[in-house]
Amino acid sequence: MLIGATAQIVDLNGVAKVSHIKDKLIEMAHLKETIRSSSLALASAYEGREMKSDVQMIESIQANVCKQNVTRIPYEIARLVQDLTGGLLVTMSPELELEHSDVGPLIHKFLFGNDGADIDRIKVLRLTKNITLGLNAVGYLTEPMHGAGSPQAQRIQIARGMDLNTKRIYAHKIARVTET
Ligand SMILES: Cc1cc2nc3c(=O)[nH]c(=O)nc-3n(C[C@H](O)[C@H](O)[C@H](O)COP(=O)(O)OP(=O)(O)OC[C@H]3O[C@@H](n4cnc5c(N)ncnc54)[C@H](O)[C@@H]3O)c2cc1C
């Protein structure tokens with residue numbers, strides 16, 4: 001939804017076909033899919049196991065790598081959103097000013113042009129502001145950061161499960177190092 005809102009704004013701003021804008025939208029989609037699928041959220045469930053209690057337990061390392069990504073990626077997506085939407089995200093006029101007899105026509109003329117999408121643009125900008133800076137940033141940024149444990153908690157779990165010995169054995173075998 002946030003990617004779609006950003007695509008809508010760059011379209012209204014007339015820059016949707018600019019190469020770095022298209023690339024940043026692609027980057028946002030790539031980041032989103034990195035959390036959802038690319039061997040993490042889905043894989044940790046797929047490689048989970050059933051415990052004696054019948055509880056389904058996810059694969060711990062993948063789940064913690066996924067959660068660590070979740071503490072980073074939404075912030076990067078929010079950064080790209082704010083890059084692409086421009087400062088108007090926070091400097092836009094309130095809707096009421098558009099109706100003001102003196103100021104309204106000037107805002108229409110100099111800020112929005114003639115595309116007739118003034119109100120839509122304000123609505124979509126407000127949506128992206130709300131998610132990346134406003135009340136919904138609680139759920140989009142802070143909860144991913146701290147909910148289910150702050151970033152260091154995942155690193156502790158990754159350290160516990162990363163099994164350096166097995167990795168060392170692989171290296172020894174390939175490099176033909178004599179085991180000690
Ligand atoms: C929006 C939101 C929703 C949440 N939802 C839930 C929920 O549904 N269920 C639930 O159980 N909890 C929930 N939480 C709580 C969440 O689990 C905690 O916020 C999280 O464990 C971090 O604890 P804290 O907020 O007290 O931060 P702190 O523990 O104060 O962490 C702040 C910083 O200090 C570091 N730190 C803290 N203690 C140490 C230490 N001993 N040594 C070294 N570094 C340390 C941390 O790594 C972090 O960098 C939610 C939190 C938020 C913000």
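The values are calculated or read from the model by the stated rules, or taken from the named source; none is laboratory data. All values reported here derive from a predicted model rather than from experimental measurement. Heads up, the Cβs are rebuilt from the backbone with ideal geometry, glycines too, and the neighbour counts pull from every protein chain shown. When the accessible area is computed, the model is the full protein with side chains, heavy atoms only, and any ligands, DNA or RNA have been set aside. Shrake-Rupley method; radii C 1.70, N 1.55, O 1.52, S 1.80 Å.
So the values come out like this:
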| item | result |
| --- | --- |
| Hits in the stretch 153-169 - residues which are of a type outside the set (D, E, K, R) and surrounded by 10 or more Cβ atoms within 10 Å (Cβ to Cβ) | Ala153, Gln154, Ile156, Gln157, Ile158, Ala159, Gly161, Met162, Ile169 |
| Set Val15, Val10, Val70, Val81: member being open to solvent by 40 Å² or more (accessible area, probe 1.4 Å) and at negative phi | Val15 |
| Flag if Ala117 is in contact with a helix residue (DSSP H, G or I) (Cβ under 7 Å, 6 or more places away or on another chain), touching a residue at least 12 places away in the same chain (Cβ under 8 Å), more than 16 Å from the ligand (Cβ to nearest atom) and open to solvent by less than 60 Å² (accessible area, probe 1.4 Å) | yes |
| Hits in the stretch 83-93 - residues which are of a type outside the set (Asp, Glu) and touching a residue at least 24 places away in the same chain (Cβ under 8 Å) | Leu84, Thr85, Gly86, Leu88, Leu89, Val90, Met92, Ser93 |
| Test: Lys109 is more than 14 Å from the ligand (Cβ to nearest atom) and open to solvent by 80 Å² or more (accessible area, probe 1.4 Å) | yes |
| Some residue of the stretch 53-63 being open to solvent by less than 50 Å² (accessible area, probe 1.4 Å) and either at pLDDT 95 or above or in contact with a Leu (Cβ under 7 Å, 6 or more places away or on another chain) (or both) | yes |
